[in-house]
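The values are calculated or read from the model by the stated rules, or taken from the named source; none is laboratory data. Small disclaimer: the values here were computed from a predicted structure and weren't measured. Every residue, glycine as well, gets a Cβ built from its backbone with ideal geometry; the counts of neighbours run over all protein chains shown.
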Amino acid sequence: MLTEIEELLVKTLQDNVKGATRDRIAVAAKEVNAPNISVFCDGFRIKGQEVAESTGEKKVELEESFSIEGGQRVYRLKNKPDEVVRVELPTGTELKENVNYGVNYKRAIITFSEPINTGKVKGLVKYWARKESIVKSLKISARYIINVQGEDWNGTDALAEEAVKALLIGKEEMERQGIRLKPLAGRMTTSDGDETQKRRIQLAYLFEKDIIIETAFPPMAKIEITQKKT
């Protein structure tokens, strides 16, 4: 979920920052010698879309396993088919349409030419059907801190400027990959336990990405309500 953001963020910095080698630009893990840039997620939230959106009907290929009892000749499909691709009965033995079975496409019924003489037999049917496509989305908003440290204060300041420019350069490519970024803030800090009191610059950025979920449902039947005349 966050890995895509982190990988693209680190790659953008590695490709465009010259003041630190690639191995010193990474997701925060362990301390490395200056100059270095480390990034870490400072928190995130997920917001779901309250209303699902319909993108219209789509043809999808479906597969159904079924079983019929001895003496039966009819199987009703779960969805109204546009085209039956393959029927197996028993499973593994392909039958021929209009020879071994017929299809009533309007009623979604398969009728076999011969009734099953034995007990319960399992079969398989593959077919195309129209289903309404429903799209839901989740938005992930993640706050990332970019720690910048040079060999001295001037080096830190120059490296931070490079980092800001790198993200500005990479913004368009990130958006093409579905990730939006927004600068939030910056501040100066001191390295923990560092006797020389080397200063760091922290840059805060907000990254957002959408997770799209598409599901298909059978089209809803049309219901007409009429008023009875009195």
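Remarks
- Glu63 meets the stated requirement of being outside the structural domain of Ile212 (by TED's automatic domain parsing), charged (D, E, K, R), exposed (fewer than 11 other Cβ atoms within 10 Å of the Cβ) and in a strand (DSSP E or B).
- Of the candidates Val32, Val85, the single residue that is hydrophobic (A, V, I, L, M, F, W, C) and over 30 Å from Val10 (Cα atoms) is Val85.
- Within region 13-42, tally of residues that are part of a loop (DSSP other than H, G, I, E, B) and farther than 14 Å from Ala160 by Cβ: 7
- The residue pairs whose first member lies in region 158-181 and is surrounded by 19 or more Cβ atoms within 10 Å (Cβ to Cβ), whose second member is in a helix (DSSP H, G or I) and basic (Lys, Arg), and whose beta carbons are closer than 9 Å, counting only pairs six or more residues apart or on different chains, are Gly170/Lys11; Leu181/Lys171.
- Those residues of region 92-110 which are within 17 Å of Lys78 (Cα to Cα) and either out of contact with any Pro (no Cβ under 7 Å at 6 or more places or on another chain) or outside any loop (DSSP other than H, G, I, E, B) (or both), in sequence order: Gly102, Val103, Asn104, Lys106, Arg107, Ile109, Ile110
- The condition of being part of a loop (DSSP other than H, G, I, E, B) and modelled with pLDDT under 90 holds for only one of Glu132, Glu151, that being Glu151.
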